[in-house]
1. Condition first: loosely packed, with under 15 Cβ neighbours inside 10 Å and over 27 Å from residue 197 (Cβ atoms). Now tell me which residues in segment 261-302 satisfy that.
2. Of the residues that sit in segment 24-49 and are farther than 23 Å from residue 176 by Cα and without any contact (Cβ under 8 Å) to a residue 40 or more places away in the chain, which one is most open to solvent (accessible area, probe 1.4 Å)?
3. Of everything in segment 132-174 that's at pLDDT below 80 and of a type in the set (A, V, I, L, M, F, W, C), which residue is farthest from residue 342 (Cα to Cα)?
4. For residue 248, are the conditions met, namely being touching a helix residue (DSSP H, G or I) at 6+ places or on another chain (Cβ under 8 Å), in a strand (DSSP E or B), closer than 28 Å to residue 102 by Cβ and not hydroxyl-bearing (Ser, Thr, Tyr)?
5. Outside any loop (DSSP other than H, G, I, E, B) and under 20 Å from residue 304 (Cβ atoms): which single residue out of 185, 222, 231, 191 fits that description?
6. Can you tell me which of (1) farther than 30 Å from residue 165 by Cα; (2) surrounded by fewer than 19 Cβ atoms within 10 Å (Cβ to Cβ); (3) out of contact with any strand residue (DSSP E or B) (no Cβ under 9 Å at 6 or more places or on another chain) is the one residue 322 doesn't meet?
7. Would you confirm whether any residue within segment 337-346 is touching a helix residue (DSSP H, G or I) at 6+ places or on another chain (Cβ under 6 Å) and open to solvent by 10 Å² or more (accessible area, probe 1.4 Å)?
8. Go over the candidates 206, 230, 254 one by one and state the one that is open to solvent by 10 Å² or more (accessible area, probe 1.4 Å) and touching a residue at least 24 places away in the same chain (Cβ under 8 Å).
Amino acid sequence: MLVHSLWDQEDIYGNIALFKALKAQQADTSNIYLVIGPWFHHQQRLDGSAIGEIRFGSDTSEYFRKHLLRPFFDHFLKDDAPPLGLTQVTAFETGTNRWEQLSTWPSGCSSGCSIQTQKLYLQNGGKLRLRGALDANSRGGAAADFDSYVSDPAKPVPFIPRPIHVGGEDGAKSWQTWLVSDQRDVASRTDVLSFSTPALTEALKISGEPVANIIASSTGSDGDFVVKLIDVYPDENGREPRMGGYQLMVSADILRGRYRDSFSNPKPIPKDQKQTFRFALPTTNHVFLPGHRIMVQVQSSWFPLYDRNPQSYVDNIFFAKPGDYQKATIKIFDGGSSASFVDLPLVSAAK
């Protein structure tokens, strides 16, 4: 049994990668079980009714221990054990806050639906557009086809609001829950670009790995690209007013620009030339509810979670000199045929 946590601050890729590898290598996968829960690292052994400010309406960890883990151990470790009765995949669906029994992963739902990749386009002026319907103003003409920001290594974007505690109880708590921290704190910065859809009129579900496809240029010869897929709560949020406008990070990751083509063969970014930075984001199983908005944020630092990029190419960043750290103007292309996008693993109901 592989137990994956959707907001695992220690290892958000390992169990999903192992599940893929085992399925690819074994003809018989009937003894492989995957559980996907709404937890931080090892939270399945603790209280699982919430993570940070995000509440699930029940103790998801207790459900896991009683209804998934114990039957699994009983079946395989006890004599004369009853049949297991588990599907190969049991996944918690965030947003709706319910457990799903699935035959494989990703599958979207138990039966009668499919996953189709849909492009979520970044559009000029901070807009997002799904299913390839580009704004008319983005098809050439007078409108600019990019938005830009200045990334300054001396003023990096923090991964959680300052002050950042690294020790003691406060440090442990902030580290455990940082992946669900409210992103409004960075949305107001001039070195972070935010793109958003209008409020949704119907629920939209994604299952699997979103893939960032950022088309960008830089005045520097190296640089980082952080892409965050965010669920923006309505400004007024009924029974939980403190959650009004909350920006919940559903999936996010970073790519160091020098590795855009190969992790084994890094190379500088050509200055002021469009480049494609494509990378997968962590697995998610989430429903964006009606009234919520989908947001994508793009930035070039995530400090001190990741070290500062000098933004001028050096062979070994650990030996970078103070003079190597330079400001860079980053252009994110979001218009016409060069619009950046995120591939969403969108779940479609059976027709």
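The values are calculated or read from the model by the stated rules, or taken from the named source; none is laboratory data. Computed from a predicted model, the values in this text were never measured in an experiment. Cβ: placed from backbone, ideal geometry, glycine included. Neighbour counts: every protein chain shown. The accessibility values were calculated without ligands, DNA or RNA, using every heavy atom of the protein model including side chains. Shrake-Rupley method; radii C 1.70, N 1.55, O 1.52, S 1.80 Å.
1. 261, 262, 263, 264, 265, 267, 268, 270, 271, 272, 273
2. 25
3. The selected residue is 166.
4. yes
5. Sole residue among the options that is outside any loop (DSSP other than H, G, I, E, B) and under 20 Å from residue 304 (Cβ atoms): 185.
6. Single failed check for residue 322: (1).
7. Among the residues of segment 337-346, not one is touching a helix residue (DSSP H, G or I) at 6+ places or on another chain (Cβ under 6 Å) and open to solvent by 10 Å² or more (accessible area, probe 1.4 Å), which makes the answer no.
8. Working: 206 fails: open to solvent by 10 Å² or more (accessible area, probe 1.4 Å); 230 fails: open to solvent by 10 Å² or more (accessible area, probe 1.4 Å).
It is 254.
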